[in-house]
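In what follows, a structure is listed as structure tokens, so that the remarks can point back to it.
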Amino acid sequence: MHDDKPDQFVDELLDAALKRYGGEGPRAGLETRVLAGVRRRQGAARRRRLVWALAACAGILAAIVLVLHSAHAPSGQRVTRASVPPQAVKPVPNPGSADSRIRSPRLVQGHREKPRTPKPVVRATKRPEQFPTPMPPTEQEKLLLTYFANTTKPDLLAETNKAEGAAEISNIKVAPLEIEPLDDSESGQGK
Amino acid sequence: MVEAGQVILSESVATTEGGRDELEDAVREDGRLVYKVAYSVLRNHHDAEDVAQETFLRFLRQRRHWAEIRDRRAWLAKVAWRAALDRKRSPAGVALEDSAEAVSKLRADGAGADEIAASREMMSLVERLVGSLPSELREALTLSTTEELTSAEIAQMLGIQEGAVRNRLFRAREILRQKLAAVLETRHAR
């Protein structure tokens, strides 16, 4: 059994300790410091929000500028040299068309390409000595070309004179023109 | 100090006149409560004032919902309580053995209960003992030591019945008394 005195002392000590445990209260000027601190923190929060808003606006503007720039850039510039297939240098049906110009090796080198870009795959292929023919000649064209290649110019002229139509024209006889003098009476009446 | 405070009060942080008045009223009427609730958890004046500022800043940010706050005092105490718990660090005070030794020495020297309670060692010892309580008992006891909150307000903050608050306070005090007696008895026996 505990005697009463130690228990009483512990109770008193605990009461006193718990009373002090809650603290002696704030120092003077708590309201002032709290309001000043709140104002400072709110100002800092506003500045932080402003910075974030500005950063967001700058990001949006940059995105808009990028989109507009890419929209106005010619489509040919977006074709990279590496992406051009080797078939692009083969003869195309119409050399004057825009498509053939785009696929031309020279035009593929856009101005936005960096100078240190490695050589494209297109350069690896053999470049044709002659500009590609638009279409292969037809059979008639081939015959005509063969004929002209094997025939000289005098022969061509002689062949032309031999033509049947030309012989007929040379045999035409034209009668001399006879113009009768004008009658005086008729001329007086005419006056 | 009072003049400086009045100047700051007039240069209010609130944007509207109504908000300014409301904030100033809240700080004047409940600033002490908020501070003591924070201090009861943090055991540090500086940290308690920081939490008080944070609590009133949150109150200001909620000004659109002020009409929905039925009991401003309880609302502020609850916010301060939570903010203090978020900030609470593990105590790095004097070891329990050293505190108990110092308190026993004071008692042996014939010091009274008030004198011993005022000592730094006794305060450290009580903090250790309170910290060793189960959380439900510790919370109720800590809030009650602020001497600013009634049992009903503590019950509202903790979300329990008022009778449960009284029960927890009784149990907490009983555990503390037994532990303190054991510590002092052990030292006294040596």
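Here is how the numbers come out for the structure above:
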{"item": "Among (1) free of Cβ contacts under 8 Å to residues at least 12 places away in the same chain; (2) surrounded by fewer than 16 Cβ atoms within 10 Å (Cβ to Cβ) - the single one residue B:131 does not satisfy", "result": "(1)"}
{"item": "Considering residues of the stretch A:34-45 that are out of contact with any helix residue (DSSP H, G or I) (no Cβ under 6 Å at 6 or more places or on another chain) and at the interface with chain B (Cβ under 7 Å from one of its Cβ atoms) only, the residue surrounded by the most Cβ atoms within 10 Å (Cβ to Cβ)", "result": "A:39"}
{"item": "Hits in the stretch B:42-76 - residues which are assigned to a helix (DSSP H, G or I) and more than 11 Å from chain A (Cβ to nearest Cβ)", "result": "B:47, B:63, B:64, B:65, B:66, B:67, B:68, B:72, B:73, B:74, B:75, B:76"}
{"item": "Odd one out for residue B:137, checked against (1) in a helix (DSSP H, G or I); (2) under 15 Å from the mean Cα position of the chain (by Cα); (3) within 10 Å of chain A (Cβ to nearest Cβ); (4) in contact (Cβ under 8 Å) with a residue 24 or more places away in the chain", "result": "(3)"}
{"item": "Meets criteria (crowded, with 17+ Cβ neighbours inside 10 Å and under 18 Å from the mean Cα position of the chain (by Cα)) for residue B:149", "result": "yes"}
{"item": "Which listed residue, of B:169, B:125, is within 11 Å of chain A (Cβ to nearest Cβ) and buried (at least 19 other Cβ atoms within 10 Å of the Cβ)", "result": "B:125"}
{"item": "Hey, residue B:124 at pLDDT 90 or above and closer than 18 Å to residue A:20 by Cα or not", "result": "no"}
{"item": "Residues being facing chain A (nearest Cβ under 8 Å) and touching a residue at least 24 places away in the same chain (Cβ under 8 Å) - total across the stretch B:108-122", "result": "0"}
{"item": "Candidates B:42, B:9, B:33, filtered to the one that is closer than 26 Å to residue B:140 by Cβ and modelled with pLDDT under 90", "result": "B:42"}
{"item": "Verdict on residue B:176 being more than 8 Å from chain A (Cβ to nearest Cβ), at pLDDT 90 or above and touching a Leu at 6+ places or on another chain (Cβ under 7 Å)", "result": "no"}
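The values are calculated or read from the model by the stated rules, or taken from the named source; none is laboratory data. In this text, all values refer to a predicted model and were calculated from it rather than measured experimentally. Ideal geometry is used to build each Cβ from the backbone, glycine not excepted, and the neighbour counts take in all protein chains shown.
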